[in-house]
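First comes the structure, then the notes that go with it.
The values are calculated or read from the model by the stated rules, or taken from the named source; none is laboratory data. Every value quoted in this text rests on a predicted model; they were computed, and no experiment measured them. Note that we place each Cβ from the backbone using ideal geometry, even for glycine, and neighbour counts take in every protein chain shown.
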Amino acid sequence: MGRGRAATGVITREIESFTVLTAVSKPVGRPLFLTGKFFGVIASMAVAYYVLAFVFMMTVRHGALETVADKYDMPTIVFGLTALAISLITAGFGNFVYGWHFSSTLLGCFVPLVTIAFHAALCFDRTWNPQQWWFKDFGDMQIVYAVMMTFCAVMILTAVAVALATRLSQTMTLVFCAAVFLIGLMSDYYFGLRAHDGVIYQVLYHAIPNFQFFWVGDALTQGMTVPAAQVWRVAAYAAAYSLGVLALGVTLFQTREVG
């Protein structure tokens with residue numbers, strides 16, 4: 001929901017407050033304006049997703065303690081909390097002494113530190129014995145592939161949100177984005193299985209993004225291997241679909257009254 005708000009608000013607020021006129025009245029075309037907004041939102045989401053991905057993988061590395069005899073993964077805890085503590089102290093000190101923006105400073109410090117903490121933790125097992133780094137915990141790259149494919153789905157939803165925001169309010173854009181997401185999750189069942197029943201099902205099946213392509217959690221829990229080629233195919237599908245939706249958004253924005 002937070003990602004949807006960021007994608008919709010960045011366009012809707014500027015249209016409703018008429019600040020978009022400042023940009024489009026200059027030698028900045030509407031296609032460039034909308035495309036720039038899209039890539040700006042994607043960049044900010046990529047940074048947030050990058051941090052969350054490392055936090056998620058550190059959680060996977062630690063695992064769940066099923067019995068009281070299970071030991072805590074101390075390298076993960078120590079390096080992770082150290083990175084967070086240094087970031088909080090730096091952001092707090094910078095904000096108090098120099099007036100730095102707290103959240104921006106916190107993120108700027110935490111991004112490199114959590115990266116270092118994650119890789120440092122992988123150099124040790126749960127009891128601080130040296131191990132063979134990535135090849136021990138994430139050598140098959142399956143978790144990494146799953147995270148990358150999920151971000152591709154986020155990219156499509158961002159494009160849909162930006163395109164809809166050129167015509168709808170922020171609330172309605174969020175509603176339609178949620179509908180697209182839910183229908184996309186059920187696309188195989190409602191449209192794919194009925195594709196032979198008529199052209200309308202075939203059109204809907206190909207027009208609505210199929211978010212099952214981006215979710216490989218079931219495959220991983222069943223011990224199936226996700227090849228790298230599939231990741232690239234899904235990424236290409238997401239890029240092509242996002243560009244198509246963005247082109248539609250540019251078309252809608254071209255005739256939108258902003259003044």
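May I ask you to verify whether TYR145 is of a type outside the set (Asp, Glu) and surrounded by 19 or more Cβ atoms within 10 Å (Cβ to Cβ)? Against the criterion (of a type outside the set (Asp, Glu) and surrounded by 19 or more Cβ atoms within 10 Å (Cβ to Cβ)), TYR145 qualifies. Candidates THR105, THR90, THR127: the one that is within 30 Å of GLY223 (Cβ to Cβ) and of a type in the set (S, T, N, Q) is THR127. Considering region 181-206, and only residues there that are surrounded by 19 or more Cβ atoms within 10 Å (Cβ to Cβ) and of a type outside the set (Ser, Thr, Tyr), the residue that is farthest from GLN254 (Cα to Cα) turns out to be PHE191. Within region 207-244, the set of residues being modelled with pLDDT under 90, surrounded by fewer than 12 Cβ atoms within 10 Å (Cβ to Cβ) and not hydroxyl-bearing (Ser, Thr, Tyr) comprises ALA207, GLY217, ASP218, GLN222, GLY223, MET224. For THR173, the criteria (1) hydroxyl-bearing (Ser, Thr, Tyr); (2) buried (at least 19 other Cβ atoms within 10 Å of the Cβ); (3) closer than 30 Å to ILE89 by Cβ hold in every case but one, which is (3). Scanning region 163-172 for residues that are farther than 18 Å from PHE211 by Cβ, part of a helix (DSSP H, G or I) and in contact (Cβ under 8 Å) with a residue 40 or more places away in the chain returns ALA165, GLN170.
Considering region 1-114, the qualifying helices (runs of 4 or more DSSP H), each wholly inside and each with 1 or more residues that are surrounded by 12 or more Cβ atoms within 10 Å (Cβ to Cβ) and modelled with pLDDT under 90, run over 2-16, 20-24, 30-62.
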